[in-house]
Each structure stands twice: as C-alpha cells, then as structure tokens.
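Okay, so here's the structure we're looking at.
The values are calculated or read from the model by the stated rules, or taken from the named source; none is laboratory data. Note that the structure is a prediction, hence the values are computed from the model and not measured. Methodologically, a virtual Cβ is constructed for each residue, glycine included, from the backbone with ideal geometry; neighbour enumeration extends over all protein chains shown.
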Amino acid sequence: MAAMSWGARSIVAAAMLAASAAAAAGSGLAPGGKGAVRDIIDGDTLVVEMTEAAKATPDVAKPGTEIQIRLVGIQAPKLPLGRKGFKAWPLAEESKTVLEELTQGKTLTLAFGGQPMDRHGRLLAQLYDSEGTWIQGALLERGLARVYTFPDNRKLAAEMLALESRARAAKAGIWGDPFYAVRTPEEAAAEIGTFQLVEGTVKDAATVRARSYLNFGDDWKTDFTIVVGASVRKMLAKSGIDIISLKGRRVRVRGWLDSYNGPMIELTHPEQIEVLDQ
C-alpha cells in the first residue's frame, strides 16, 4: 500500500478531530459558562475572565471574575513557573505557543465532565472556541500533550486516547522526543516519581485478597507491576476486561511510577490501561 501523503494525513486528522469534537458535544458534559482568554500560563493552563457564569461553581466563576482554567484530561510539557530547580520539559514553550494560537483573544465555552475545580482553585474544563474547535483535541492531534485522566474526570477519554495514538504513530510533537518515549517494563525503574506510559507483555496475573497484580517479569519482588484494586477491577469487568485474562497479553498503562517491590503503577480508573493485541 502506498504511503499516505502529508496533505492526505492532515485531511484525515482534521476529519478525526471534527468527529471527536462532535462526539464531545453529545457526551453529556455539563455547561461551564464562557470566558474571554486573558493570559496563557503554559501548554495546558490559561486565565479567562468569565463572561457567563459556570453553574457548577457560581460563587467563584461569576461574570467579571478572572480564574485559571486547567485543560482537563491532558498533560502538556511543563514550564518551571517559578519552581526552584525545575527544568522546562522539551517542547514546553512550543505547546504554550500553540495554546496561545488556538485561544488568545477568543471567548471560550467551558464544559465539565467531572469534578469542576481542583484544590488549587482552578476550573477543570473541556474548552471549545466559537467555531466548535475542541482545544484539548487540537493539542493532542498536534502531539503537544498526552492524555492524563483522573477517577473523577474521565469524560472523553476514548476520544482523547484515539487522537494521542494517531499523533504518537506519526511521531508528532512530543512523540518524536525521547523524553516522552513509551517505556518498556525494564526501563520503568529509572523513572520512579514521574508520569509515564509503559508498554509490555503481562507475564503473570494473580489476585491476592482484594488486589490484583499484573507482573511483567520473572521476579514479582523486583519487576514492573500494575496493581489493581477491587473497585477498579469491577469497573474493568463491566467494560469487558478480565484482569486475570490479561496474562500473555500486550498492554499499555499510564500513571505515576511508584516503588513497591519494584516499579509499579496503581490503577485508579480503567482509562489508564489499554489492551493492545485485541
């Protein structure tokens, strides 16, 4: 089969993004008001002046109020923002610039898919411009963010994962930089304390008391492990995924790497794990 031209790939990507935006419009998101963009903090955070109240947060998002918006569901490359000793991640300035291009001078529509505000007082919103462009989707499609969901904010995960997957396959943006490479289970130990995507074949699966374990090596005391609690296991079962049946299957998991009997990621919600060999 002949390789697809860049122009053709762009058309397909635009169609996919439009389809994702359409899916977002009918996804059951809660209206979050509107805000005029006043400042861009980094690639996934901006400041708006509310022009229409967010019903879910009426006391803090009244018209005329300036408030930070965290683009929920994604993580863009990070800038230091005054944090001592913190080095900017690769492409952090580029992601900020693109967010400026997408939003500066515009009034955006906010929509909530879960918890509307974080502990820092930022609104957690999906964002759309007046033409219906989905801002999170546009950043993912350009490879300038990766999917970063939470148990209380999981809406549109499937649409975002699809856009991320396409950008990663094209090595767009961050996906061409080793800093953001999908790690192997053997590489995970060197990344403790960071958010990573890890991909490999499950060597063994077991449930011990209330928790299930997916092991990726011969020694469970040192190898990379995915830990799944009972509540998440039930949620996965409802979506057709039996944890124990993943033995021998290739999966991709995302989350913060911790150290407990080797490197581990604990699932807090099903969208963190993808079965790749279906």
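What pairs can you find where one residue is in the range 28-51 and among the acidic types (Asp, Glu), the other is not in a strand (DSSP E or B), and their Cβ atoms are less than 6 Å apart, with a gap of 6+ or different chains?
So the pair list comes out as Asp42/Leu79; Asp42/Lys96; Asp44/Ala76.
Which ranges mark the strands (runs of 3 or more DSSP E) fully within the range 66-122 that have 2 or more residues being touching a residue at least 12 places away in the same chain (Cβ under 8 Å) and under 24 Å from Gly173 (Cα atoms)? Give the steps one after another, and end with the answer.
Values: elements: 66-71, 73-75, 107-112.
Hits in the range 66-122: 66-71, 73-75.
Kindly check whether there is at least one residue in the range 124-135 that is buried (at least 23 other Cβ atoms within 10 Å of the Cβ) and in a loop (DSSP other than H, G, I, E, B).
Within the range 124-135, none of the residues are buried (at least 23 other Cβ atoms within 10 Å of the Cβ) and in a loop (DSSP other than H, G, I, E, B).
What number of residues within the range 185-200 are hydrophobic (A, V, I, L, M, F, W, C), within 17 Å of Val227 (Cα to Cα) and over 18 Å from the mean Cα position of the chain (by Cα)? Don't jump to the end; show me each part of the working.
If we filter the range 185-200 for residues that are hydrophobic (A, V, I, L, M, F, W, C), which is where we start, we get 188-190, 192, 195, 197-198.
Of the ones still in play, those that are also within 17 Å of Val227 (Cα to Cα) are 188-189, 192, 195, 197-198.
Imposing the further condition that a residue be over 18 Å from the mean Cα position of the chain (by Cα) reduces the set to 188-189, 192.
Residues flagged as hydrophobic (A, V, I, L, M, F, W, C), within 17 Å of Val227 (Cα to Cα) and over 18 Å from the mean Cα position of the chain (by Cα) within the range 185-200 amount to 3.
Please state which of the following conditions Asp39 fails to meet, knowing it meets all the rest: (1) surrounded by fewer than 20 Cβ atoms within 10 Å (Cβ to Cβ); (2) modelled with pLDDT under 95; (3) of a type outside the set (A, V, I, L, M); (4) more than 19 Å from the chain's Cα centre (by Cα).
Only one criterion in (1) surrounded by fewer than 20 Cβ atoms within 10 Å (Cβ to Cβ); (2) modelled with pLDDT under 95; (3) of a type outside the set (A, V, I, L, M); (4) more than 19 Å from the chain's Cα centre (by Cα) is unmet by Asp39, namely (2).
If a residue has to be β-branched (Val, Ile, Thr) and assigned to a strand (DSSP E or B) to count, how many in the range 194-212 make the cut? Please lay out each step first, then the result.
Within the range 194-212, the subset β-branched (Val, Ile, Thr) is 194, 198, 201-202, 207-208.
Remaining after also requiring assigned to a strand (DSSP E or B): 198, 201, 207-208.
Total satisfying the criteria: 4.
Filter the range 45-81 for residues that are charged (D, E, K, R) and touching a Pro at 6+ places or on another chain (Cβ under 8 Å); which is nearest to Tyr128 (Cα to Cα)? Reasoning before the result, please.
In the first step, residues of the range 45-81 are kept if they are charged (D, E, K, R); the result is 49, 52, 55, 59, 62, 66, 70, 78.
Adding the requirement that they be touching a Pro at 6+ places or on another chain (Cβ under 8 Å) leaves 52, 55.
Details: Glu52: 14, Lys55: 17 Å.
Top of the filtered list is Glu52.
Report the residue count in the range 235-263 for those that are crowded, with 18+ Cβ neighbours inside 10 Å, over 19 Å from the mean Cα position of the chain (by Cα) and part of a strand (DSSP E or B).
1
Check whether at least one residue in the range 141-149 is assigned by TED's automatic domain parsing to the domain that holds Glu94, under 15 Å from the mean Cα position of the chain (by Cα) and part of a helix (DSSP H, G or I), and report yes or no.
yes
Hey, among Ser130, Ser95, Ser27, which residue is of a type in the set (S, T, N, Q) and at pLDDT below 90?
Details: Ser130 fails: at pLDDT below 90; Ser95 fails: at pLDDT below 90.
It is Ser27.
Tell me, which residue of the range 103-115 that is surrounded by 21 or more Cβ atoms within 10 Å (Cβ to Cβ) and within 19 Å of the chain's Cα centre (by Cα) is farthest from Val37 (Cα to Cα)? Steps first, answer last, please.
Initial filter on the range 103-115 (surrounded by 21 or more Cβ atoms within 10 Å (Cβ to Cβ)): 103, 108, 110-113.
After this cut, where a residue has to be within 19 Å of the chain's Cα centre (by Cα) as well, the list is 110-113.
On the way: Leu110: 12, Ala111: 15, Phe112: 18, Gly113: 21 Å.
Checking each candidate, the answer is Gly113.
What are the residues in the range 73-103 that are of a type outside the set (D, E, K, R) and over 14 Å from Leu139 (Cβ atoms), if any? Break it down into steps so the answer makes sense when it comes.
Of all residues in the range 73-103, those of a type outside the set (D, E, K, R) come to 73-77, 79-82, 85-86, 88-92, 95, 97-99, 102-103.
Scanning the range 73-103 gives Leu79, Pro80, Leu81, Gly82, Gly85, Phe86, Ala88, Trp89, Pro90.
Please tell me if Ala170 is modelled with pLDDT of 95 or more and surrounded by 14 or more Cβ atoms within 10 Å (Cβ to Cβ).
Numbers: modelled with pLDDT of 95 or more: yes; surrounded by 14 or more Cβ atoms within 10 Å (Cβ to Cβ): yes.
It is true that Ala170 is modelled with pLDDT of 95 or more and surrounded by 14 or more Cβ atoms within 10 Å (Cβ to Cβ).
Could you tell me how many of the residues in the range 42-51 are over 14 Å from Leu123 (Cα atoms) and in a strand (DSSP E or B)? Let's see the steps before the verdict.
Filtering the range 42-51 down to residues over 14 Å from Leu123 (Cα atoms) leaves 42-43, 51.
Within this subset, residues satisfying the condition of being in a strand (DSSP E or B) are 42, 51.
Residues that pass the stated criteria total 2.
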